[in-house]
Structure formats: structure tokens, C-alpha cells
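Report on one structure; see the data block that follows.
The values are calculated or read from the model by the stated rules, or taken from the named source; none is laboratory data. What you see is a predicted model, and the numbers here were worked out from it, not measured in a lab. Glycine also receives a Cβ, built like all others from the backbone with ideal geometry; neighbour counts cover every protein chain displayed.
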Amino acid sequence: MSKMTRRKFASTAAATGAAVAAGSAAASAASSRFAAPAVIRAQDAPVEVVFYNIWGTPPGGEEPETKHPVDQVIDAFNEQSTDVKVLGQNPAGGYFEVLQKAQADLAAGNPPALVITPWSNIFYAYEGLGAVPLEEVAGDEFDATFGNLKEQVLPLVQVDGHTIGLPYAFSCPVIYYNNDIIGEAGVDPETMFSTWTSFLEQGPAVQEAVDGNPVIGFGTNLDWPAQSIIQSNDGFVLNDALEPVMNSPESIAAMQMIADFDSAGLYDRSTTSETRASFLAGSIPCWVGSIASLGGLRNNATFDLQTSTFPTFGDKARRMSSGGSFIGMYAREEEQQQAAWEFLKFALSEEGYALWMQTGYLNASTWDLPTLEGQEAAYTQLDEGLSRESAWPTGRGGELQIIWGEYVARIWANDISAEDGCNEAVEEVNAIIESQG
Amino acid sequence: MATTRTSNEMQVPARTTSRRGFAWHRLIEGATPYLLIAPLIFLISVFVYWPLFYSTYLSFFDWNFVRPDKAFVGWDNYTRLLDDPRFARALHGTWIYFVALIPIQVFLPLGLAMLLWPIRRAKSQASYRIMLFSPTVIAWSVGAVMWLWIFNPLQGLLNKLLAEFGVERINWLSDRDTAIWTVIVVAAWKTLGFHLILYLAALEAVPHDYVEAAALDGANNWQIMWTIRFPLITPTFFFVLVTTVISVNEDVFGAINVLTQGGPFGSTTNIVYYLYEQGFQYFQIGAASAVSVILFLATVLLTWVQFRFVERHVHYG
């Protein structure tokens, strides 16, 4: 038997590796082209479009008895459409995972036609992933279709004058509270939640009713409610030029308010999932979350669950931010784009939107649809006007959001002073923006 | 004559066949190792070497796989890491996980295996093996729910128990002083059993003759354990050490992801979680690739150090 020398082995392995590498490189080069490969299908078969979302049953999951509203919308569309078939898919977990999957598919030249995209990633969706401006696809039908949206909603999905998605999962933060505990404490919720100062003053009375536990916990990424709190004190996180301005005196004072809650032992520093569990278990009486959480909380709460608008800063107007996600179009082929547009039209029709409204998200349309009990606080805030959730600029926008969120957490937990935290955040965010040119 | 002729006629082609057969035999024999190893080489090339090469290439670009413009940025993705306080924090976290978890994952199961070895024939052995090994096969998502309830600051089991002893409420996962140790405990819980089983299997394989001879010479249990059994299981010990050093960052990733997501204030992050954030949350493929190259080089260096300085103490029998 011939002897296997190191040199022989190495040369053979290298040759094999090189061949594989060359083959893979060629495949990769082909797959990294922007356009999707042509889809081969029978001439009379419907055009299939993929819609990635976060609500459908994930792979391997068990179908629930009652389908999620998003699947009901898809089913209703598919029933009446002969030319287009929508395949709703929840490829994996939450927003980030879905966007990752979409990015991978785009890179592989197999773009999903529609992807649910978080508002905070709007610039990345447009500049980084090539979300398609809907005016270009819809043509004459655009005005009639988007005319079904509330006037203040359309600008939330526009970048450089282009509409790059259908506002769909439309929400804002509210305060959920355990009315049994508040009642036991002998506090009037309307008075307590009227201003941040009154909340801070009456908080200790409520705290006694929960054996000294904190009074309020936050159940979302902290930068989101922080934006509303800052704006309600006439500050801003980003200005119109998308520069960080959260170190204004107004912003710092707003941030200090929650830090004062922490100093008084009223702020729950626990993680977001822990605060939710504590709220449902009756350990903390107030919890800040998206209005979209209403259904889930109501199903699990064993107490009188109520909602309140955010407190204000004295007489200043409340300026809440919206949140959630829009349906972005990422199809590259015209046939796919037109088919996806057909579905978007249905999703925004009265029939489609009524099905979607079962979720608990806010009604962004002009259709007169019933609201869910408990949504009143969110609609009050909507009527007062919602700003867009901070959409962080540059290709490193996602990182900027996390950086600011981390400073918010530190300030609120008194790990850093409000002034230092806000100043350092501006400095750090600016440095990254400048490095991106 | 005819027979001879026939014999000669038959002999000539027979000799030719033999020579050809010999050549074929030599060829097949020579090629067999390559053929046998080819599928593995192919798979390793596709799933290890090619991604490694491609990551190195991508680390010099600013690109997200989708944008048509792929900008060459030279060493920017590397120099940017030096300016990023989060990368420094990730390195610090990586160091703490190394220092804390390597002894826990390498020496603790070794000690436990030696303690459990004498009772290996006991009826209870199946119970303790299942008890210690089951965390390894439990999915992170399932284990996380349990741990989140244990560590919940307000109604968690741990704080309730501690309250009985007058200990004030601790925010295990949201206090920067406790969070990293909480992650370490959970990561150790998940990986301990696998190494324990490896050590127990290695102890089982120690030849009984050696032990018997030592016992006849008057060695006590402690001496037998440290002078006979341990040296003979050093190949397993070395394997566990090398693989733990390689995988400790990934082992802890699951715990970070389900418990703290790197928080509070980045205090529980490590280099693998930082890489994940850069690549899959911020879509910074170039930066993530640069981190992966650094991680690869560090792993190669650490593995080399172990082979250079630790392997000499291994008894391969």
C-alpha cells in the first residue's frame, strides 16, 4: 500500500479545498446578484408570493384552533383571488429574526415578496435591503388605496418622499394597571396617572399595597417609552436632520423623572420579561407595554386590568411615539411586485383590515371598525398625534438604537446621572454617525 | 506440445493480467485513503474552510450581502473594534467566562466523576446519571423558562428562599454585579453532565489489572485514584480541556441569549454574543466577520498552547 505522506495529504486536501472554494465562490457570485431568478410555474397557475411575518405558526409549531388574524387575512385573500396566492410564513421568532431571514433570502437571490419590518429599521429597509417604493408598483391605484389610511399615518412609512411599506402593526405604549391593587391603596388612578409628578407622589401609597415592591415596570425596549417621555417634556431624541439631541435640558429632565422613581424605590429594574411576569402575578401594580399586548394580558390577568394614557409633564402636551411594524415589499420581479400589491390592497380593504383589527393593534385606517375594551387610552394618544418611532440613521442604525437604549436603562436605574448619560449617549451616537460619513 | 503451447498461450495473457491487476490494485490501494477521506474533506471545506476564507474576505468590506455596492474598507472593520467600548466589554466578559467556566466545566465534573465512581454499581446510579445528564439534552428555551422563574426578583424561588434568611431582594439578572455569575451558573448547569459522563466512561475503561496490582502493593483508594486512574484518563481530560476552551464562548451564548441578552448595560456579553449582535441584529457583516477572524485566531493560539504545554502530561497508554 502506498504511503500517505503529509505532503501528499496536504496537496490532495488543498486541491479538494480549492476546487470546493472555487465552486462555492462561483455559486456565491451568482447568488449575490440583486435580481431574483425567474420563477418557473405553469402558465395558468396563480403567482405565489411569500409574506414573512412574526405572528403565524412557526416551523414545527402546532396550528392553533383559531388562526392568528394575520393568517385569517391571508386565507380570506387566497379564497377570493384566482391569480395570486399568498404564502404566510413565520420563519423564526421575532422581528430581528424575520429580518435576518429576509436578508439571507435576498442575498441568495430568492427575495420574499413581503416582510413585516419594524419601524425603527425603516432606513435600513430602504437603503440596505432595497425595500420597493410602493408608488412605483401601485401606479394609479396608490392614492385610492392609501386614501384608506388616517392622514397622520402615511408620513410614518415615508423616506425621502417614498412610501416604502403599508403601516400595519400600529401601536403605542400605554400604562397597564392592576385596578384591584390601586383600589386597595385608596388611590384614584385618574389623578395618579395625570402627571408624572402626581404619579411619583402617590406611588408610595400604592407601594404599601404590594408589600414594598416597585410600582412600575417597563416591558418593552426602553428607548421606545423613553422617546414618548422625552417628547412629552418638549425634548427630542433625534431632530429632523436625524442628529441626536437627547441631551437638551428638557430631555435630561424627562429622563431624570424615571430616575427619581428609581430613587424612591418605585421603579422595577428587572428585565422586560420579568416585569411582565411580576405584573401578571400581581407583584407590581403598573406596567408599561405596547397596546398590542392587551389581548395577551387580558387572557392571563386574574385581576381587574385597566389601561391609562401616559402621564404628562404638568400642562405640557403629551407627545407619544408610535411603534410596531409595516409590511415592506422586497420583491424584485415585476410579476411578484404586482401580485404582492394585490394582497396589500386587500389587507387595507375594509374586509381585510377588520380581520386584522382582532389583534389589538391600533386602527391606522379610516374604516370605522370596533375597538377592543381597554384600547381607549391608546386611541386618545393616537388622536393627540403620534410621532414615528425613532428611526436611527446610517447603516449602523440598529446599533445606535441599542446604544441609546442602554443609556436609558443606566439612567433610569441611577447607574449614571441623567445629564452624564444623555451627554455620553449623544457623543457616542455622533461618533458613529460621523464615522459613517 | 499443444498442452505446452496452450499453457504458454495462457500464461502470457495471465502474466499480463497479473501485471495490470497489480497496477490496478496499487492504484486502488493508493487512492482508497483519499476516496475515504474525500467526503469529509468536502464537508469540512464547504462548512468550515470556505466560510472561514469568505469571512476573512468579508472582513475587509462594508457590505450586507444585498446592497449592490460592496465597499472595500481595508482594516477599518478591525480598527473600529478597537474604538468600540462594547467590544472591550465583550472581551472583558469573555475573560471572566473563561476564568470561571473552564474550571467548572473541566475540574468539577472530574471531581464529581471520581466521587461517583465508587458507587457506580449502586442501584441509584441510573438516577444520578439521568439527573446530572438531563440538563445537557434539555433545550435552552425550556431550561430558560425554569431559570427565569427561579431568578425572578419578586416571585422567584431563589429570592423567596433567601428572604426566609433575611436576605433582601436581589435582581439576579438585572444587577450588573450578579448577572454575569447567574449566567455562569446556568451555563455550567447545562454543560456539566456531558463532561461528567465522559469522565465516568473513561474511568470505566481503566484496566482492572493495574488497580488490582496497586491494591496488592498496599495502595489505598486515594492513591489508586491519583496515581493509577487519573493518569490513565488524562487523554479524556485533555480532550475535555481542549474542547472546553474552544467551545466555552459558544456554550455561554445560549445562556446569555435567553437570560440577559448581554445586559444589564452589556455586563454579561461576550465575544460570540457581540459577534451575533453585529452580524444578526445590526447587520454589520464586515464587523462581524472581523470579530470571527479574531476569535478564530485566538482559538487556534489557545489550542496550540494547550498542545504545546499540556499534552506532554497526557498518558496515551
Self-check item: Subset of segment B:255-289 (residues that are away from chain A (no Cβ under 13 Å) and either in contact with a Gly (Cβ under 7 Å, 6 or more places away or on another chain) or surrounded by fewer than 20 Cβ atoms within 10 Å (Cβ to Cβ) (or both))
Solution: B:Asn270
Exercise. Could you figure out which of (1) in contact (Cβ under 8 Å) with a residue 40 or more places away in the chain; (2) within 23 Å of the chain's Cα centre (by Cα); (3) crowded, with 20+ Cβ neighbours inside 10 Å isn't true of A:Lys150?
Key: (3)
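Taking segment A:133-144 as the search range and keeping residues that are surrounded by fewer than 24 Cβ atoms within 10 Å (Cβ to Cβ) and under 22 Å from A:Gly88 (Cα atoms), which one is nearest to the chain's Cα centre (by Cα)?
Our first condition is that a residue be surrounded by fewer than 24 Cβ atoms within 10 Å (Cβ to Cβ); within segment A:133-144, this holds for A:133, A:135-144.
Among the residues that remain, those that are also under 22 Å from A:Gly88 (Cα atoms) are: A:133, A:137-138.
On the way: A:Pro133: 20, A:Val137: 25, A:Ala138: 25 Å.
Within segment A:133-144, the match that is nearest to the chain's Cα centre (by Cα) is A:Pro133.
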Practice problem: Kindly list, by first and then second residue, each pair from a residue in segment A:159-172 that is over 21 Å from A:Gly385 (Cβ atoms) to a residue that is aromatic (Phe, Trp, Tyr), limited to pairs with Cβ atoms under 9 Å and residues at least 6 apart or on different chains. | Solution: A:Asp160/A:Tyr126; A:His162/A:Tyr126; A:Ile164/A:Tyr126; A:Ile164/A:Phe326
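For segment A:311-340, how many residues meet the condition of being under 22 Å from the mean Cα position of the chain (by Cα) and under 26 Å from A:Thr82 (Cα atoms)? Spell out the reasoning first.
Applying the first criterion (under 22 Å from the mean Cα position of the chain (by Cα)) to segment A:311-340 yields A:318-331, A:340.
Going one step further and asking which of them are under 26 Å from A:Thr82 (Cα atoms), we end up with A:326-331, A:340.
Looking only at that region, the number is 7.
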Practice problem: Please state which one of A:Gly374, A:Gly437, A:Gly421, A:Gly405 is outside any helix (DSSP H, G or I) and either touching a His at 6+ places or on another chain (Cβ under 7 Å) or within 14 Å of another protein chain (Cβ to nearest Cβ) (or both). | Solution: A:Gly437
Practice problem: Mind telling me which of the residues A:Ala340, A:Ala354 ends up being part of a helix (DSSP H, G or I) and surrounded by 22 or more Cβ atoms within 10 Å (Cβ to Cβ)? | Solution: A:Ala340
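Among the helices (runs of 4 or more DSSP H) lying completely within segment A:134-184, list those that include at least 3 residues that are within 30 Å of A:Pro285 (Cα to Cα), assigned by TED's automatic domain parsing to the domain that holds A:Leu297 and in contact with a helix residue (DSSP H, G or I) (Cβ under 8 Å, 6 or more places away or on another chain). Break it down into steps so the answer makes sense when it comes.
Numbers: elements: A:134-138, A:141-146, A:179-184.
Qualifying helices (runs of 4 or more DSSP H): A:179-184.
Filter segment A:369-393 down to residues that are without any contact (Cβ under 8 Å) to a residue 60 or more places away in the chain and in contact with a Phe, Trp or Tyr (Cβ under 8 Å, 6 or more places away or on another chain), then give me how many there are.
So the answer is 2.
Looking only at residues that are assigned to a strand (DSSP E or B) and among the aliphatic types (A, V, I, L, M) in segment A:85-129, which one is nearest to the chain's Cα centre (by Cα)?
The residue in question is A:Ile116.
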Quiz item: Which residues, taken from segment A:408-418, are facing another protein chain (nearest Cβ under 8 Å) and touching a residue at least 12 places away in the same chain (Cβ under 8 Å)?
Solution: A:Ala409, A:Ala413
Quiz prompt | Hits in segment B:125-160 - residues which are within 20 Å of B:Gln261 (Cβ to Cβ), touching a Phe, Trp or Tyr at 6+ places or on another chain (Cβ under 9 Å) and in a helix (DSSP H, G or I) | solution = B:Gly143, B:Trp147, B:Ile150, B:Phe151
Exercise. Taking the options A:Val215, A:Val159, name whichever one is within 30 Å of the chain's Cα centre (by Cα) and closer than 24 Å to B:Glu168 by Cα.
Key: A:Val215
Quiz item: Any idea which residue in segment A:97-120 is farthest from A:Arg332 (Cα to Cα), counting only those that are touching a strand residue (DSSP E or B) at 6+ places or on another chain (Cβ under 8 Å) and free of Cβ contacts under 8 Å to residues at least 60 places away in the same chain?
Solution: A:Val98
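Go through segment B:67-94 and count every residue that is in contact with a Gly (Cβ under 7 Å, 6 or more places away or on another chain), more than 9 Å from chain A (Cβ to nearest Cβ) and under 11 Å from B:Gly266 (Cα atoms). Don't jump to the end; show me each part of the working.
Going residue by residue through segment B:67-94, those that are in contact with a Gly (Cβ under 7 Å, 6 or more places away or on another chain) are B:67, B:73, B:77, B:86, B:89.
Right, trim to more than 9 Å from chain A (Cβ to nearest Cβ) and you get B:73, B:77, B:89.
Still in the running and under 11 Å from B:Gly266 (Cα atoms): B:89.
Residues meeting the conditions: 1.
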Self-check item: Qualifying residues in segment A:89-105 (those that are within 10 Å of A:Val50 (Cβ to Cβ) and at the interface with chain B (Cβ under 10 Å from one of its Cβ atoms)) - the one surrounded by the most Cβ atoms within 10 Å (Cβ to Cβ)
Solution: A:Ala102
Practice problem: Please work out if A:Pro225 is in contact with a Pro (Cβ under 7 Å, 6 or more places away or on another chain) and either surrounded by fewer than 20 Cβ atoms within 10 Å (Cβ to Cβ) or of a type outside the set (S, T, N, Q) (or both). | Solution: yes
Quiz item: Exactly one of (1) within 12 Å of another protein chain (Cβ to nearest Cβ); (2) surrounded by fewer than 17 Cβ atoms within 10 Å (Cβ to Cβ); (3) modelled with pLDDT of 90 or more is unmet by B:Phe151. Its number?
Solution: (2)
